[in-house]
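To start, the structure under review is shown below, and the notes come after it.
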Amino acid sequence: MSYGKSRIARIRYNLEFSGYEAIVFIQDAGETFSYPSFVAAPLDAEYALVMEQLSNKALRKHRSANPGLRSHLKRLTATPQAPELPPLAA
């Protein structure tokens with residue numbers, strides 16, 4: 001099963017917990033979900049490996065029956081406007 005694209009935003013190193021944390025956005029069936037993700041790693045860890053692990057953790061949460069904390073962003077749809085009525089006769 002494929003879950004579309006993922007992108008990582010707001011990555012930072014947390015000195016208190018010695019790891020990287022980020023918000024990971026996953027697009028699935030035209031909707032966007034965001035998950036907080038954390039990977040324990042040293043400050044000089046390989047960037048590509050950290051990014052892959054952050055993304056994989058978020059994908060596992062997304063596939064889970066109980067994903068925990070997440071945000072679900074839905075696309076706005078155009079609402080039909082009320083038809084214009086002709087002006088009232090005086």
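Quick notes
Okay, residues lined up against (1) in a loop (DSSP other than H, G, I, E, B); (2) within 18 Å of GLU31 (Cα to Cα); (3) at pLDDT 75 or above:
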{"site": "GLU52", "(1), (2), (3)": "no, no, yes"}
{"site": "ARG60", "(1), (2), (3)": "no, yes, yes"}
{"site": "ALA65", "(1), (2), (3)": "yes, yes, no"}
{"site": "LEU76", "(1), (2), (3)": "yes, yes, no"}
{"site": "LEU88", "(1), (2), (3)": "yes, no, yes"}
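- Enumeration of residues in the stretch 35-47 that are under 13 Å from ARG63 (Cα atoms) and open to solvent by 70 Å² or more (accessible area, probe 1.4 Å): none
- Taking the criterion of being at pLDDT 90 or above, open to solvent by less than 50 Å² (accessible area, probe 1.4 Å) and out of contact with any Asp or Glu (no Cβ under 8 Å at 6 or more places or on another chain), the residues of the stretch 9-34 that qualify are GLY19, TYR20, GLU21, ALA22, ILE23, VAL24, PHE25.
The values are calculated or read from the model by the stated rules, or taken from the named source; none is laboratory data. All of these numbers come straight from a predicted model, not from anything done at the bench. Don't worry about glycine lacking a Cβ; one is built from the backbone with ideal geometry, like all the others, and counts go over all protein chains shown. SASA here: full protein model, heavy atoms, side chains in, ligands and nucleic acids out. Shrake-Rupley method; radii C 1.70, N 1.55, O 1.52, S 1.80 Å.
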